[in-house]
1. If the requirement is being open to solvent by less than 40 Å² (accessible area, probe 1.4 Å), over 16 Å from V144 (Cβ atoms), modelled with pLDDT of 95 or more and under 17 Å from the mean Cα position of the chain (by Cα), which of these qualifies: L78, L54?
2. Which one of these does T101 not meet: (1) within 24 Å of A195 (Cβ to Cβ); (2) in a loop (DSSP other than H, G, I, E, B); (3) touching a Pro at 6+ places or on another chain (Cβ under 9 Å)?
3. Across region 57-72, what is the total count of residues that are buried (at least 21 other Cβ atoms within 10 Å of the Cβ) and within 17 Å of W111 (Cα to Cα)?
4. Those residues that are over 19 Å from M82 (Cα atoms), surrounded by 14 or more Cβ atoms within 10 Å (Cβ to Cβ) and among the basic types (K, R), I need them from region 195-234; list them, please.
5. Within region 49-66, count every residue that is out of contact with any Asp or Glu (no Cβ under 9 Å at 6 or more places or on another chain) and not in a loop (DSSP other than H, G, I, E, B).
6. Can you find a residue in region 177-193 that is part of a loop (DSSP other than H, G, I, E, B), out of contact with any strand residue (DSSP E or B) (no Cβ under 8 Å at 6 or more places or on another chain), of a type outside the set (F, W, Y) and open to solvent by less than 80 Å² (accessible area, probe 1.4 Å)?
7. Failed condition for S147, given (1) closer than 29 Å to P74 by Cα; (2) assigned to a helix (DSSP H, G or I); (3) touching a strand residue (DSSP E or B) at 6+ places or on another chain (Cβ under 7 Å), with all others met?
8. Which of the residues spanning region 18-48 are surrounded by fewer than 20 Cβ atoms within 10 Å (Cβ to Cβ) and in a loop (DSSP other than H, G, I, E, B)?
Amino acid sequence: MRACMYVCTSNAHTETIHACSGFESVSIYGSGSFDMRIKAPDNNSTGVITSFYLTSRSSRHDEVSFQLLGSNRPPYMLNTNMILYGEGGKDQMFRLWFDPTKDYHSYRFLWNPRQLVFYVDNTPIRVFKKNPGVYYLSVQTMFVMGSVTSQKGVTIDPKQTPYTAWFQASKIEGCITTFFNIERCIGPEFWWNRAEFSALNPREKELYRNARKTYLDYDYCSDRARYPREPPECRIYEQ
């Protein structure tokens, strides 16, 4: 598929980004597999965030996101976050094992009624499974979005602008629905909802455990200064 370029520019006097760009899907989805290939800005992009995410449209919204954090040197960091019924701050951050500015890499959400999986180049790095008594992303429909924005509170170098990121929709396979009709997207007629995708397969479990052991840099579930009591969804992350 054709790649699209999205750019941030800056004001040379204030050293703040004042114009950013991005995209939003026309269709709205209730489940699916959403694979985006991204090449991040290759200049000194400290303070710039390149994002790919699914988000609902409500005051108590749901959102899941990949956020490539700009830098001027390795390691490059990837933040993943979830907002569940309006409650955010559920960050898990990873050191990338490649340079995201040199070539395209795949960032994919697998979202079905039983689990949400974050994949990077077909390696699962984060899993959120449905569990009784814990809010899950099966209530609100979602749009597919991407953007290049500034990181709040970080000063950027105006001499480095514009910051250009490239997005290529590798394979978007989702159940298109209407705003209030997520129920039509939960059936087994969609391949991503079939029983074999209700959990990681043995090979994926091995990749998942290795990725988290090797590359996980921050996990809100372990941050007792921020969350003295473990958030209820944390106990169901591990496979």
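1. Numbers: L54 fails: over 16 Å from V144 (Cβ atoms).
Exactly one of L78, L54 is open to solvent by less than 40 Å² (accessible area, probe 1.4 Å), over 16 Å from V144 (Cβ atoms), modelled with pLDDT of 95 or more and under 17 Å from the mean Cα position of the chain (by Cα), namely L78.
2. Here T101 meets the rest and fails (1).
3. Adding up the residues that qualify gives 4.
4. Correct list: K205, R209.
5. Initially, region 49-66 is screened for residues out of contact with any Asp or Glu (no Cβ under 9 Å at 6 or more places or on another chain), giving 49-52, 57-59, 61-66.
Now narrow it down to the ones that are not in a loop (DSSP other than H, G, I, E, B): 49-52, 63-66.
Qualifying residue count for the region: 8.
6. From region 177-193, those part of a loop (DSSP other than H, G, I, E, B) are 178-181, 186-190; that's our starting set.
Next, only the ones that are out of contact with any strand residue (DSSP E or B) (no Cβ under 8 Å at 6 or more places or on another chain) stay: 180, 187-189.
Filter again for of a type outside the set (F, W, Y), leaving 187-189.
With the extra rule that they be open to solvent by less than 80 Å² (accessible area, probe 1.4 Å), the set shrinks to 187.
There is at least one residue in region 177-193 that is part of a loop (DSSP other than H, G, I, E, B), out of contact with any strand residue (DSSP E or B) (no Cβ under 8 Å at 6 or more places or on another chain), of a type outside the set (F, W, Y) and open to solvent by less than 80 Å² (accessible area, probe 1.4 Å).
7. Just one mismatch for S147, condition (2).
8. Going through region 18-48, the residues surrounded by fewer than 20 Cβ atoms within 10 Å (Cβ to Cβ) turn out to be 18-27, 33, 35, 42-44, 46.
Hits for region 18-48 are C20, S25, V26, S27, D42, N43, N44, T46.
The values are calculated or read from the model by the stated rules, or taken from the named source; none is laboratory data. Owing to the predicted nature of the structure, the values given are computational and were not obtained by experimental measurement. For neighbour counting, all protein chains shown are included, and Cβ atoms are generated from backbone atoms with ideal geometry for every residue, glycine included. We work out accessible area using only protein heavy atoms, side chains counted, and drop any ligands, DNA or RNA first. Shrake-Rupley method; radii C 1.70, N 1.55, O 1.52, S 1.80 Å.
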